[in-house]
Structures are given as C-alpha cells and as structure tokens.
Amino acid sequence: MTYLSNILEVKFSVKDRNDLISRATNIMSQQIWCWGRDISRDEGNLFLKNGFERIEPPLDMKGEVSIYRLNFSEKRHIILRGFGVYYFDARYGAIFVPRFEFLPVYTKKPCSTKPIWRLSDLPDLDFPGKFEWDYYNILLRDLLTWITVYEQDIIDKQGLSYRKQTLMEWDDGFRKIIEPENIPNEWKEIAKLFSKIQHEDFFP
C-alpha cells in the first residue's frame, strides 16, 4: 500500500494533490536522466534501436542536443527532451509534461510540425478547461502507459543490472531514488492516482 492509496476517489485534498505532484515530479526527473543514459550507452543508442527518429540541430543552433521523436502513426507521436515530454494524438490534442514540475499542460489545437528545440517552440499550452478534462486524461494515461511499458522492456531486455548502473551517477546522496525494479509499478500507480483527480481538485 502506498501513502496515497487511501485517498478518496471523489475528492483529493490539497495535500494529497501536492504530494502526488511531488512524487510524479521525482520519478519524471529520474526517468529523463535514465533516457539520457539510454541514448549515450556505450553499446549503442537504445532510442534508435527502439524506433526513435533522431533530429539533429541545425547549424545555427550549435550546442543543442538532438531531438528524439517516436512516431506511432502519422497522427500520434512522442517527443522527448531534457526539459520534459511532449505527447501528441490528433484525436485529443497534446500535452507537455515539464521535467521539474509534474503539472501537464494541454492544447486541443493542431500542433505545429516545427521541431521543439526550446520551451518557446512549444504550441500554446494551458491547464485544460472542464470540458477538455476527459481528453487531457486520455493523453496523460496513454503517455504514462507508454513510459511504463518502455521501462519494463528495458528491464526485460537489458537486465535489472543495466538500469541500476544508469542510476549510480544520479544517486548523489540527496535525491530520492526509485529502485529499477519498482519503476514500472511506480508509473502504474501514479497513472492510477492521476486518473482519479477531477478538474474540481485543481479548481474547487
């Protein structure tokens, strides 16, 4: 049982909500670190091996790191950046999850094909309105499901020892570390808890 397992499905307290955001922010920051190690892996780039497209920075953006984009279809994709995760599905819109504050923002407008090099390249995003909440939740659920599956696949194919190794430098003695064997279930639990939050929990 987690410390949030007993929260009411109908209503979150402000503390419950803030604790969940803090918990999700912690694992997202760790997750992005792990993705960086998967890219720079000595034995080969795991993102490229798993079907990601690498977009190199233009000459006038020297110093920027490459963009990694995974296309599920022509109308659905994920873009991973060091500052957060962008997920687009033409049926519902798009969300962006910042790395250091797990408060996903949303747009229902068609998204630009412009590469996301910086935060300023993102489309106009905001917290969803009450009538956009269902689409927002679908996007967040699908994104967290993909992350869960990705991490389980890493453990299954690369071994638990590989993910432990990637976290050695991340553990500075101060950060809260989610152990590799617990990462998939932690994402599942976070997805489950976010699915219970209603619009009114943010805007009473």
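Some notes on this structure:
- Packing around the peptides 158-166, 142-150, taken as the average count of other Cβ atoms within 10 Å per residue, puts them in this order, highest first: 142-150, 158-166.
- Taking the Cα centre of the chain as reference, the dipole from Cβ charges on Lys and Arg (+1) and Asp and Glu (-1) amounts to some 260 debye.
- Projecting the Cα atoms of Trp146, Gln158, Leu46 onto the charge dipole of the chain, computed from C-beta unit charges around the Cα centre, puts Trp146 farthest toward the positive end.
- DSSP beta bridge pairing in segment 42-81, given as percent antiparallel to the nearest 5: 100
- Placing +1 on the Cβ of every Lys and Arg and -1 on the Cβ of every Asp and Glu, with nothing else charged, gives segment 62-164 a dipole about its Cα centre of roughly 240 debye.
- Unit charges on C-beta of K, R, D, E only; dipole of segment 36-75, Debye: 120
- Between the residues Pro98, Ile183, Met168, the greatest Cα displacement towards the positive end of the dipole of the chain, with unit charges on the Cβ of Lys, Arg, Asp and Glu, is found for Pro98.
- Between the exposed loop cleavage positions of the chain, defined as GluC sites (Glu not before Pro) in a non-H, G, I, E, B DSSP state with at most 12 neighbouring beta-carbon atoms within 10 angstrom, the longest gap is 75-168.
- Put simply, the amide H of Gln198, placed in the peptide plane, has neighbours under 5 Å in Phe12, leaving out anything fewer than 5 places away on its chain.
- Per-residue HN-Hα couplings for segment 173-187 [Karplus 6.51, -1.76, 1.60; θ = phi - 60°; Hz; x = Gly/Pro]: x, 10, 5, 7, 9, 8, 4, x, 5, 9, 4, x, 5, 5, 5
Read-outs: derived from the displayed coordinates by stated rules, not from any lab. This is a predicted model, so every value here is computed, not measured. Please note: Cβ atoms are built from the backbone with ideal geometry, for glycine as well, and neighbour counts cover all protein chains shown.
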